[in-house]
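Please treat every number below as a calculation from the coordinates, not as lab data. Just so we're clear, the structure is a prediction, and the values are computed from it rather than from any experiment. Every residue, glycine as well, gets a Cβ built from its backbone with ideal geometry; the counts of neighbours run over all protein chains shown.
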Amino acid sequence: MTGERGRPAPAGERHLRRLRAVRVRATVIAVLAVASALVIGGTLLVQGLRAELSGDVRDAARGRAREVARVIEAGRGVPAPTVADPDEEFLQVVDAAGKVVAASGNVEGQPALARLEPGRSASVKTPLDEDRFLVVAVGARSGDRELVVLDGRTPAGVAEATRTVTRLLLIGSPALLVLAAAATWAAVGRALRRVARAEDAQRRFVSDASHELRSPLAAVRQHTEVALSHPARADAGALAATVHEEAVRMQRLVDDLLLLARADEGAPPAARHPVDLDDLVLAEACRLRASTGLRIDTTGVGAARVTGDEDALRRLVRNLGENAARYAHARVAFTLTGAGETAVRLTVEDDGPGVPPADRRRVFERFVRLDESRSREAGGAGLGLAIVAEVAAAHGGKVSMEDGARFVVTLPSGE
């Protein structure tokens with residue numbers, strides 16, 4: 001597809017066009033499927049209704065003919081048969097030669113309107129009505145004579161009922177097709193919106209990851225090129241320290257990216273064991289005391305055990321600790337409660353500036369930096385809290401941010 005003046009359309013526009021085409025095709029297919037089902041189902045319904053009602057008419061005619069046959073076989077002669085509705089029913093008694101022996105008043109003087117063997121039925125055209133009559137034949141014996149009682153009835157009620165059902169189907173089917181189209185359009189639209197959001201998130205993820213990986217590589221390349229251009233003035237120790245620092249940074253970033261990629265792919269969780277979460281918290285507090293000048297408060301840390309992946313939980317605690325230490329002025333506090341209960345609650349709080357309420361959900365998104373002006377060294381890659389959210393969710397828990405700069409992780413207890 002092309003845009004204005006023959007230039008290729010932007011990738012986003014092409015993507016939207018593809019999604020609309022998928023939505024249209026899905027809706028058309030759904031409508032055609034529903035229409036086919038309605039046609040087949042409606043045809044079977046009408047045919048079944050016609051067969052059922054015709055069977056009722058046939059049974060009624062056969063019952064009346066048998067009554068007349070019983071009178072004849074009782075030796076009371078051939079009665080003069082009568083009918084309740086002369087426009088819709090007739091009776092004739094004929095002999096083996098087809099001669100009419102007796103008949104109802106509405107067909108008196110008429111020849112036999114059907115030649116049927118006893119037990120048979122047929123649709124017959126008669127002078128009584130334009131509609132064809134359903135005629136049933138029942139055998140009877142009068143002395144040494146074999147007679148046949150013919151009961152004919154018009155299936156006008158059958159035709160009217162089937163016409164009514166057909167009319168209702170013709171009226172209702174378009175409405176059902178419209179509803180099916182609307183429902184499919186809406187459902188496919190919701191599904192595609194989720195897919196489009198996922199693709200956008202994946203595209204942003206790849207773009208941000210590429211940018212973050214380029215930064216340490218660019219730093220390494222810059223320092224090595226300077227060293228190669230001016231080997232006499234190069235400080236091997238400083239160069240090695242720089243390369244090592246950037247390599248560690250890149251390794252940390254790659255590890256984070258792999259963890260998030262495995263989470264996105266739904267990789268099976270690692271083997272889980274009972275983990276003393278308080279040991280992980282106290283170990284992180286010791287590390288922060290040794291590497292920072294902050295006051296690390298662990299007076300609120302109590303014993304708490306969970307079931308999970310110890311390495312992933314250690315990553316969760318470390319990321320929370322590093323995040324708090326990065327923005328704290330003087331103090332970081334850890335609190336761990338809930339031992340013996342159904343849930344464990346870990347709180348990590350610092351005395352830094354905090355996060356505005358409007359941004360407290362965004363901090364758990366990938367590559368989010370609320371202060372874009374801060375340096376990469378101070379702000380990290382923006383994956384730490386996203387990993388905290390992924391690890392908490394993988395262990396059946398959740399993470400949230402409360403007033404100020406207080407992060408709260410809730411995990412099922414392993415007691």
Rounded to 0.05, the calculated FRET efficiency for the beta carbons of H273 and T299 at R₀ = 25 Å is 0.35
For the stretch 317-368 and the stretch 57-116, write down the distance between their C-alpha centroids in whole Å.
98
How large is the Kirkwood hydrodynamic radius of the stretch 28-146, in angstrom, based on all distinct alpha carbon pairs?
16.5
Kindly state, to the nearest 0.05, the FRET efficiency for V178 paired with C286, given R0 = 60 Å and r defined as their beta-carbon distance.
0.30
Taking a crude spin-label model, label points 7 Å out from Cα along the C-beta direction, the A156 to L45 distance in nm is 2.6
